[in-house]
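Participant: I am attaching a structure below and will ask some questions about it afterwards.
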Amino acid sequence: MTLPKLIVFDMDGVLIDVSGSYRETARKTARLFFDGARGFGKLPDPLFPLTDLAELKQTGGLINGWDLTTLTLRLLFALVKKPAGRSSANDSPGPEETIRRCDVSDLADFLNASTRPLIDLLDRYGRRRDSFVTSCYQGDVNTGNRIKRIFQEIYLGRSLFTALYGDTLRQGVPVPRFYHGEGLIHRESLLMDPTLLADLSKDHILAIATGRPRAEANFPLDRFDLRKYFQLVITLDDCTREEERILAERGERISLKKPDPYILDRIPHLIGKAFSECYYLGDMPDDMQAARSSKTGYRGVGVVLSSADPENLRKELLRAGAEQIIDDYAALPGILA
């Protein structure tokens, strides 16, 4: 009997086109973060090209849109004039007051003059740290994480945001604080024909390993009726749960998120079925590194379907260990064969 193959898909940029959702949300969040600062009106809108943001993400080590947005803000704050200091020993302004005391005029001039400002700033300053930005990325939406709160409001929109966070937010009904438009999650579309998924699922074992939280992974699975094709879906929640278990038992805080291969190596144990070969389809170098370092022996397949700069991404994926590159899913059956 011929054994099936195990085919594991990342979600964003592989199954789901997120160029108009996650990536645009990161860009909008970065701009809205500065609302109220001196010179805010001078900032370009949009703040920077999405190709620039995509190139920044390809540098690796960014688990999700929140991490990408936070790194973006750390880079942008290199050119922000912050308040000189506290007016008194007891003065510890909150984030809104700190933003109001900032001047973003020099940042606006730079953004208006550069065609790839994020990469220019990365080349100039590296992955710089910024204590204020770090303080705004502490906790969760319900405990004062300003970056994540803005991001989630823009990405989810009022109804989904309330559905996910309404029971945990303080002070009653969580009306949007920063964004009042439709959630950009509704802009997402499929990158892969469901007919192909249906055909693959007949002969092979299909699974998903994504950096999305469970609730946000469920939305497109249900919206596009994809769940029936996959025997298992592993999300950010699974990584976080295991990280917390290790912290409680050993007192050691580690990251099991990609490029760590934890979720890939966990899948065979959870599925409990034999297979002949295994593949991981991803669109980022971290995905290929996770496949290459897995104990299971995944073969990395790079996907460039929704990339703003597919040729550059192709090179990065191959450098990170991809064995094949897909720019058209019609080629996938041939790769598996």
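Participant: Just one of 118, 196 is assigned to a helix (DSSP H, G or I) and in the same structural domain as residue 39 (by TED's automatic domain parsing); which is it?
Facilitator: Working: 196 fails: in the same structural domain as residue 39 (by TED's automatic domain parsing).
After applying the criteria, what remains is 118.
Participant: Could you list, in sequence order, all residues of the range 296-308 that are in contact with a helix residue (DSSP H, G or I) (Cβ under 7 Å, 6 or more places away or on another chain), at pLDDT 90 or above and of a type in the set (A, V, I, L, M, F, W, C)?
Facilitator: 301, 304
Participant: Which count do you get for residues in the range 223-256 that are over 20 Å from the mean Cα position of the chain (by Cα) and either charged (D, E, K, R) or part of a helix (DSSP H, G or I) (or both)?
Facilitator: The qualifying residues number 13.
Participant: Given the range 1-85, what helices (runs of 4 or more DSSP H) lie entirely inside it while holding 1 or more residues that are among the aromatic types (Phe, Trp, Tyr)?
Facilitator: In the range 1-85, the matching helices (runs of 4 or more DSSP H) lie at 22-32, 65-76.
Participant: Please go through the range 41-63 and give me each residue that is surrounded by fewer than 19 Cβ atoms within 10 Å (Cβ to Cβ) and not aliphatic (A, V, I, L, M), ordered by number.
Facilitator: 41, 42, 44, 45, 46, 49, 51, 59, 60, 61
Participant: Let me ask something else about it. Here is a check on your reading of the model: is residue 121 within 26 Å of residue 332 (Cβ to Cβ), at pLDDT 95 or above and in contact with a Leu (Cβ under 9 Å, 6 or more places away or on another chain)?
Facilitator: So residue 121 does not fit the description; no.
Participant: Among the numbered criteria (1) outside any loop (DSSP other than H, G, I, E, B); (2) out of contact with any helix residue (DSSP H, G or I) (no Cβ under 7 Å at 6 or more places or on another chain); (3) modelled with pLDDT of 95 or more, which single criterion is violated by residue 275?
Facilitator: (1)
Participant: Hey, another quick one. Of all the residues that make up the range 131-149, how many are closer than 20 Å to residue 31 by Cβ and either out of contact with any helix residue (DSSP H, G or I) (no Cβ under 7 Å at 6 or more places or on another chain) or at pLDDT 90 or above (or both)?
Facilitator: Start the filter on the range 131-149 by keeping residues that are closer than 20 Å to residue 31 by Cβ, which leaves 132-137, 141, 145-149.
From what's left, either out of contact with any helix residue (DSSP H, G or I) (no Cβ under 7 Å at 6 or more places or on another chain) or at pLDDT 90 or above (or both): 132-137, 145-149.
Going through the range 131-149 one residue at a time, the tally reaches 11.
Participant: Something else now. Looking at 242, 311 in this structure, which one is out of contact with any helix residue (DSSP H, G or I) (no Cβ under 8 Å at 6 or more places or on another chain), surrounded by fewer than 18 Cβ atoms within 10 Å (Cβ to Cβ) and not small (Gly, Ala, Ser)? Show your work before the answer.
Facilitator: Working: 242 fails: out of contact with any helix residue (DSSP H, G or I) (no Cβ under 8 Å at 6 or more places or on another chain).
So the residue among 242, 311 that is out of contact with any helix residue (DSSP H, G or I) (no Cβ under 8 Å at 6 or more places or on another chain), surrounded by fewer than 18 Cβ atoms within 10 Å (Cβ to Cβ) and not small (Gly, Ala, Ser) is 311.
Participant: Would you check which residues across the range 196-238 are of a type in the set (S, T, N, Q) and either in contact with an Asp or Glu (Cβ under 7 Å, 6 or more places away or on another chain) or buried (at least 18 other Cβ atoms within 10 Å of the Cβ) (or both) and list them?
Facilitator: From the range 196-238, those of a type in the set (S, T, N, Q) are 201, 210, 218, 231, 235; that's our starting set.
Across the range 196-238, the qualifying residues are 210, 235.
Participant: Further, regarding this structure: Given the residues 322, 291, which is the only one that is among the hydrophobic types (A, V, I, L, M, F, W, C), in a loop (DSSP other than H, G, I, E, B), at pLDDT 95 or above and over 17 Å from the mean Cα position of the chain (by Cα)?
Facilitator: 322
Participant: Got a number for residues in the range 150-173 being at pLDDT below 70 and β-branched (Val, Ile, Thr)?
Facilitator: Looking only at that region, the number is 2.
Participant: So residue 193 fits all but one of (1) surrounded by 13 or more Cβ atoms within 10 Å (Cβ to Cβ); (2) in contact (Cβ under 8 Å) with a residue 40 or more places away in the chain; (3) under 18 Å from residue 16 (Cα atoms); what number is the exception?
Facilitator: (1)
The values are calculated or read from the model by the stated rules, or taken from the named source; none is laboratory data. Predicted model only: the values in this text are computed from it and were never measured. In this analysis, Cβ positions are derived from the backbone assuming ideal geometry, glycine residues included, and neighbour counts consider all displayed protein chains.
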